[in-house]
1. Neighbour counts of other C-beta atoms within 10 Å: give me 67, 83 arranged from fewest to most.
2. May I ask for the angle, rounded to the nearest 10°, between helix 88-100 and the longest principal axis of the chain, with both axes built from Cα atoms and the value confined to 0 to 90°?
3. Could you tell me what fraction of 2.2 N^0.38 Å the Cα radius of gyration of the chain comes to, as a two-decimal ratio?
4. Counting alpha carbon pairs within less than 8 Å and at least 6 residues apart, what relative contact order, in whole percent, applies to region 18-100?
5. Can you tell me how much longer the chain between residue 28 and residue 40 gets when fully stretched, taken as 0.36 nm per residue apart minus their C-alpha distance, in nm with one decimal?
6. Obtain the nm distance between the two label points defined at residue 50 and residue 75 by a simple spin-label model: each point lies 7 Å from its Cα along the Cα-to-C-beta direction.
7. Just grab the label-to-label distance for residue 16 and residue 82, each label 7 Å out from Cα along the Cβ direction, in nm (one decimal).
8. Evaluate the distance, in nm, between pseudo-label points positioned 7 Å from the Cα of residue 92 and of residue 63 along their respective Cα→Cβ axes.
């Protein structure tokens, strides 16, 4: 499989600029580091409140990642599909938003 083929879990792919990809991966790396930090806190028997505060920070970071990716999706994929006459993307977007808001 080359880098532009679907991964097998989905039929669609999204071309991202090198800059956008780098920015998203940087955010994910930071989130991954925060998760590792929480694991270390648990291993060191850190106080519950301290762990919860760090967990809330991870949630905020994931939400920020999701907002950035969603904005990019709407400006790129959704707008492109609507312009080409594919209104199915609207239902897909609504489904995605409902899942994000659970």
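1. So the ranking, lowest neighbour count to highest, is 83, 67.
2. Value to nearest ten degrees: 10.
3. Working: Rg = 17.5 Å, N = 102, 2.2 N^0.38 = 12.8 Å.
Compared with the compact-globule rule of thumb, the chain sits at 1.37.
4. Reported as a whole number, the value is 26 percent.
5. Working: separation 12, 0.36 × 12 = 4.32 nm, distance 1.85 nm.
This chain segment gains 2.5 nm when fully extended.
6. Using points 7 Å along Cα→Cβ, the separation is 4.0 nm.
7. That separation, rounded to one decimal, is 2.3 nm.
8. 2.7
Every number here is computed from the coordinates shown, using simple stated rules; none is lab data. These numbers were taken from a predicted model, which means no experiment stands behind them. Because the Cβ atoms are built from the backbone with ideal geometry, glycine has one as well, and the counts that use them run over all protein chains shown.
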